[in-house]
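Input: a single structure, listed below in structure tokens.
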Amino acid sequence: MRLVHRRPLFAGALAAATLVGVVGVATAASAATGCRVTYTVTSQWTGGFGANVAVTNLGDPINGWQLTWSFTAGQQVTQYWNGTASQNGGRVTVGNTTWNAALGTGASTSFGFNGSWNNVSNPAPTDFALNGTPCTGSTMPTTPTTPTPGTPPPTTPPPTPTTPPPTTPAPTTPPPPTPSTTPSGAEATIVPDPSWTCGRSTGLVPPTRGRLVFRATAQLGAIRDVGVTQYGHRRILDIRGGTVTGDRINGSILTGGLDLELTLGNGATELEQVAILRTGDGTPIYLRTCGVAPAGDSTVRIVPDFEAPNSSAYAWLNTGTYVGTRTVDTATNILNLAVYDVSGVSPADPRVQLRDPAGTANQSWDCLTGSGTRGAAVFTETVTLGASVSVGASKRGTRNIIPITGGTVTGRVTGTVLPGGADYQLIGATSTLDARYVLSTNDRELILVRNCGAFGRLVPTFEARAAGPYAFLNANTWLSSDPGSAPGGVSITFYERR
């Protein structure tokens, strides 16, 4: 048995990625049994965590399986995918679905779940068993061979096979909803759910099949955990600066960006990111990124969209076709991007089809719209602002970015506006505001705000913890005033919509 601990997701608070590898023991003459299990905590937050469990059958083929283990610190499974789960006290039983019931020798499958923990200790299980066989070592016969009459029984057990099991699992055919693994690893085309296509409804191709444009390293400030909202589990990563390096573009990442990470109930990831780049010659570039990842995959496949000044040497970014990767090292608070030009790459097999969980609200890429009149005031913000960054005329109009540096909130919500994010304004025939930022309430809840639309038609959307005191904001039936003048910035009031 081997137990490997990775560095914590949140310094001083959690053990963020724990791997347990167990290789099976069995006793079979007519049929050999055995298994290997890899248990990975993929993310962890206050009160909750997500995990992926990979199972490899080292014995003879089986059709139908149950994997059992025991939690020793009160952990509870709350959501699961690619398996059927039940729990009695600390004892957890996960069974196969119809599509992954058959496991040949060396074949693997995996499933995932979200769970709760006590915020003190989240030890990995150590007693995995597949169909009752402990997953602890090598394959052996299930019963001793009957000796020939008159022949003394053997004094030593049959030898352990010296040939290791195949390293490539036998192929399985996952159903359309949420495949358990990515075929061929990073070389699969990821086909997103129709609600979050990232402009690539036919699939996000493997980025390394294209040509590298640049790499970026961003320094993160706070990593803010909103909790489970109406859409899934939301984390907000505050971008505080960084560097960009490549053959055709070099420069820096400015403060004022946000990385908005959503983990769905089935473990898949949907990502939106807004960032501000400044090249070595001082040219500002607005970057808005959409991304997806299958359950259990910490590397998010992204589609970057650039707005560079039309008159600059970087106008080529406005018309390219790009796909990349985004990873986060929360031990060092570093976010890494790699962007590739894939204009000559077409979606191809193998493919991973993503599906959102049934019955869950879908987040929106575009601004929401709403009609009606203003009702009662809900709360008022006074928002302080930093110096604006003007991209100038680009492919969608004139982009002007005004970083948000803080503020206060009064009314049915009281607290502060956290520094981070910005109003990413688009000025044209009709000027549109698109402000992204975070509120911290006096009772320590977090609320993600997007206030978006044309002057006189601003429609705000909110994302708060679904089980928290501000869940009423998630109904998104509100209207916003236009920004009014206030010391150091603007004042905005939000109203019920009638």
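The values are calculated or read from the model by the stated rules, or taken from the named source; none is laboratory data. These figures come from a predicted structure and were not determined experimentally. Note: ideal-geometry Cβ built from the backbone for every residue, glycine included; neighbour counts use all protein chains shown. Note: areas computed on protein heavy atoms with side chains; ligands, DNA, RNA excluded. Shrake-Rupley method; radii C 1.70, N 1.55, O 1.52, S 1.80 Å.
General remarks:
- Karplus-derived HN-Hα couplings along the range 255-262 (A = 6.51, B = -1.76, C = 1.60, θ = phi - 60°), whole Hz, x at Gly and Pro: 5, x, x, 9, 10, 10, 9, 10
- Per residue accessible area of the range 204-282, 1.4 Å probe, in Å²: 31 Å²
- For the range 261-300, diffusion coefficient by Stokes-Einstein and Kirkwood Rh (Cα), 10 °C, 1.306 mPa s, µm²/s: 136 µm²/s
- The range 372-459 - percent of accessible surface contributed by carbon and sulfur, probe 1.4 Å: 53 percent
- Percent carbon-and-sulfur accessible area, the range 46-131, ignoring ligands, DNA and RNA, probe 1.4 Å: 48 percent
- Report note on the peptides 222-232, 385-395: ranked by the mean count of other C-beta atoms within 10 Å, highest first, their order is 222-232, 385-395.
- With one equal scatterer per alpha carbon and no solvent term, the Debye-computed log10 I(q)/I(0) for the range 377-478 at 0.24 1/Å reads -1.30.
- Averaged over its residues, the range 32-98 has an accessible area of 38 Å² per residue, based on protein heavy atoms and a 1.4 Å probe.
- Averaging the Cα positions of each part gives two centres, and for the range 439-498 and the range 263-291 these lie 22 Å apart.
- Each peptide in 467-476, 295-304, 205-214, 82-91 was scored by the mean count of other Cβ atoms within 10 Å over its residues; highest first, the order is 295-304, 205-214, 467-476, 82-91.
- For the range 290-396, the fraction of alpha-carbon pairs in successive 5 Å shells from zero, as %: 2, 7, 10, 13, 16, 16, 14, 11, 7, 3, 1
- Of all accessible heavy-atom area on the range 182-339, the percent that carbon and sulfur account for (1.4 Å): 48 percent
- Solvent-accessible heavy-atom area per residue, rounded to whole Å², over the range 386-498 at 1.4 Å: 40 Å²
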